[in-house]
Amino acid sequence: MIRHIVMWKFRRDLEETPQQIAQEMKSRLEGLNGKIEGLLRAEVGINIKETASSYDAVLTADFPTFEAMEAYKVNPLHVVISDYCKSRRLERVDVDYEI
């Protein structure tokens, strides 16, 4: 099984606050559960504190295989969410590992 973790720091110069963006990301990404083949679970956590080194939100997603994860990344349902995020993020980091 593959675990995919992504963390984002959102822009502070938009009408939406980082907290609002994080909540929207949570709603959209968790809404993919049961809609994309190979996505076993997607969960988004929203950071409850803000420091200079902290990120605003984190995605933890599980897939049965690396190929399933790669298919998820180009699935049109995910691409729409990714485009939304790209227009609002300052930073993004990720790690993928086998569990």
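Data for the structure
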| quantity | calculated |
| --- | --- |
| Test: residue in segment 72-79 that is within 19 Å of V95 (Cβ to Cβ) and among the aliphatic types (A, V, I, L, M) | no |
| Neighbours by Cβ (under 7 Å, 6+ apart or cross-chain): first from segment 19-40, touching a residue at least 24 places away in the same chain (Cβ under 8 Å); second aromatic (F, W, Y) and surrounded by 15 or more Cβ atoms within 10 Å (Cβ to Cβ) | I21/F10; A22/F10; I36/Y72; G38/F63; G38/Y72; L39/F63; L39/Y72; L40/F63 |
| Residue tally, condition assigned to a loop (DSSP other than H, G, I, E, B), closer than 16 Å to V93 by Cβ and in contact with a strand residue (DSSP E or B) (Cβ under 7 Å, 6 or more places away or on another chain), over segment 17-55 | 2 |
| Segment 78-99, residues that are of a type in the set (A, V, I, L, M) and in a helix (DSSP H, G or I) | V79, V80, I81 |
| Exclusive hit being exposed (fewer than 14 other Cβ atoms within 10 Å of the Cβ), of a type in the set (V, I, T) and in contact with a helix residue (DSSP H, G or I) (Cβ under 9 Å, 6 or more places away or on another chain), set V80, V74 | V80 |
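Read-outs throughout are calculated quantities, based only on the coordinates presented, and are distinct from any laboratory measurement. Bear in mind the structure is a predicted one, so any value in this text is a computation, not a measurement. Using ideal geometry, Cβ is built from the backbone for each residue, glycine included, and neighbour counts are taken over all protein chains shown.
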